[in-house]
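Novice: For reference, the structure I am asking about is given below.
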Amino acid sequence: MNCELAHERIVTAAYGELPDELAHELERHVAACPDCQKEREKVLALRVVADAHPVAEPSPNLIARARLRLDEMLDTLPPKRWYERLSERILNSFASLQAAPMAALLLALAGAGAGLLGGYEFALNRAAHAATTARSAVPVGAQIQSAPALPELANVAGISSIVRQPNSEIVAVSYNQLVPRHAEGPVDDPAIRQLLMLATEDAASPRVRNDSVALLAAECRTGHGCQPSGIREALMVALRYDRSPRVRQKALEGLEPYVADDVRVRDAVLEAVLSDSDPAIRTAAIGLLDPVDADTSVRQVLYSVSNSDQNSQIRNVSRQVLSRVPEIQ
Amino acid sequence: MGGASREDMSQGQERAQSRAHEMDLIREAQAGSRAAFDVLVRRYEHQVLRLALHLTGSEPDAEDIYQDAFLKAFRYIGNFRFECSFYTWVYRIVTNLCLDQLRRRKTRREDHAVVLDRGGDEIDVLASVSDNRSFSNPARELDRKLLGEKIQAALTKLTPRERMVFELKHYQGLRLRTIGEILNTTEETAKNTLFRATKKLRAQLAELR
């Protein structure tokens, strides 16, 4: 053992971390080496001297203050959401896989392989299916077919356009599944109706929503059976939630025949009277309440609006309707 | 002999129970339980404050480190994977915060020779430590105070990492292996750092001998 190594070991030994076998070796060296004896004395002296800067115990005041502040800070933190905890768990699972890199690599490869294979098979099946149903005259980028069967509409990603042929009941709907598609058929065809109803909710374009709601509203006004297929519900949803006033206006028009008989429709119209952002729609909705047979909720809404609405025109219209209440059938 | 062995066994069982209880608390805290986290805070806050106070020499700084450390622990407890003890994990957070603080001080060249309280007033740390020796007297107390200040000044001359290793070894009494885990390094590196720290301190304090 040389002195340099001995000096290092003296420090380790002074802190009780030198293994016994090395400690014996060190003892033998130090016993025979005056320099190392001095070194050991210096290290031991430092240990004593360093204790003159003692570790102060934190005062109870400091602990209490720190606790209080921490509690306040923790109270301001929003609780973790379930998905944050889930992502932490997933990350932890992946991190634990780092301990077994081969297993992690194999698992990742197997997952990626299965994903690629599955995706490829799915795309192949879809392409084969599309090829069998497509007509011979296929425009570039789109496949035209007659109105598809309802189950096929399960994967519609969006409606891109709706066009009604002039002077005809036939509607052409362009929609997207894995590939752009095009379907044509009469408005009362269940599949076309389904597409139109999807368009009322999903279409990103207000124009498409407006077209679909206008067609469905026309169907309702002409008495082409709005209930079994859920068109009435779709119109009520459009009236309540659509961002476009034009779409809401169309939906309101489509619901007109049902205000007198369907309480749900009446409620939707009353909601429009109370809270629609467009005064024109509110006015039109008040107009629809005319034929209602002394419904107390209608009168309450009209009374409330006529007294306290900020819009004077709305107040006037509702007063006019209320003034005709005895005449209401 | 048999009695000692039974005592060891019962201590071992107690430790195992305490560890199991702590693991339950950690899992509850990971599931979002504030109450479980509070119990964990109470368990370690004293050690955290003691370390931060001794390293920074300032009550406000120690309090800030305490806040930051436990807020971080609360935020990231979901990432705790039971690969080390919770104690090591918490100490890792605290030592990192303390190292940041020491590095900032190094760049600002701030040398605190005394402990500061919340109001910025000086606290005589030595006075707060009881001295039961029979030769204790005012002159001696003054000497001890001056000596303590010199040691504190010598400690500030160490690099933040050397200071941290010396602190954890000498003042907190941790094993070199644990220090290595806390500082994300090896036991050997911690040992070498301790050696360098003692050498520098001896050079700084040579005049005292």
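Novice: Quick query: amide H of residue A:160 versus all other amide H atoms, modeled in the peptide plane; which residues come in under 5 Å with a sequence gap of 5 or more or a different chain?
Specialist: The list, which skips near neighbours in sequence, is A:174, A:175, A:176.
Novice: While we're here: Per-residue mean of other chain beta-carbon atoms within 10 angstrom of the beta-carbon, peptide A:35-42?
Specialist: Mean shielding count: 1.
Novice: Next question. Semi-axes of the equivalent ellipsoid for segment A:227-326, please: Cα gyration tensor eigenvalues, times 5, square-rooted, ordered largest first, whole Å.
Specialist: They are 22, 16, 9 Å, listed from largest to smallest.
Novice: Using only the Cα atoms of segment B:8-76, build the gyration tensor, take square roots of its eigenvalues as a ≥ b ≥ c, and label the shape rounded, prolate or oblate: rounded if a/c is under 1.5, else prolate if a/b is larger than b/c, else oblate.
Specialist: oblate
Novice: On full extension of the chain, what length is gained from residue A:82 through residue A:313, given 0.36 nm per residue of separation minus the C-alpha to C-alpha distance?
Specialist: Length difference between fully extended and current span is 78.3 nm.
Novice: Among B:16-26, B:72-82, how do they line up by average Cβ neighbours within 10 Å per residue, starting with the highest?
Specialist: With the highest mean Cβ count within 10 Å placed first, the list reads B:72-82, B:16-26.
Novice: Rounded, prolate or oblate for segment A:195-285? Axes are the square roots of the Cα gyration tensor eigenvalues, ordered a ≥ b ≥ c, and the cut-off for rounded is a/c under 1.5.
Specialist: Oblate.
Novice: Further question: How well do other chains shield peptide B:193-199, expressed as the mean number of their Cβ atoms within 10 Å of each residue Cβ?
Specialist: Other-chain Cβ atoms within 10 Å of each residue's Cβ, averaged: 5.
Novice: Starting at the first residue of segment B:39-53, write each ³J(HN,Hα) from the Karplus equation 6.51 cos²θ - 1.76 cosθ + 1.60 with θ = phi - 60°, in whole Hz, x for Gly and Pro.
Specialist: Karplus-based 3J(HN,Hα) across segment B:39-53 equals 4, 5, 4, 4, 5, 10, 4, 4, 5, 4, 5, 4, 5, 5, 5 Hz.
Novice: Going by a ≥ b ≥ c, the root eigenvalues of the Cα gyration tensor, does segment A:227-274 fall in the rounded group (a/c under 1.5), the prolate group (a/b larger than b/c) or the oblate group?
Specialist: Oblate, since a/c reaches 1.5 and b/c is not below a/b.
Novice: For peptide A:63-75, compute the average count of partner chain beta-carbon atoms within 10 Å of each residue's beta-carbon.
Specialist: The mean count of partner-chain Cβ atoms within 10 Å per residue comes to 5.
Novice: Residue A:90 to residue A:170: FRET efficiency via 1/(1 + (r/R0)^6), r the Cβ-Cβ distance, R0 51 Å, to the nearest 0.05?
Specialist: The calculated FRET efficiency here is 0.50.
Novice: If the limit is 28 Å between Cα atoms, which of B:106/B:150; B:106/B:200; B:72/B:150; B:145/B:169; B:72/B:145 go over it?
Specialist: The pairs that break the limit, which is 28 Å between Cα atoms, are B:72/B:150; B:72/B:145.
Novice: Can you put B:84, A:220 in order of Cβ neighbours within 10 angstrom, beginning with the fewest?
Specialist: Result, fewest neighbours first: B:84, A:220.
Computed from the coordinates by the stated procedures, all read-outs in this text should not be read as laboratory data. Model, not experiment: these values are computed from the prediction. Neighbour counts are summed over all protein chains in view; Cβ atoms, including those assigned to glycine, are modelled from backbone coordinates with ideal geometry.
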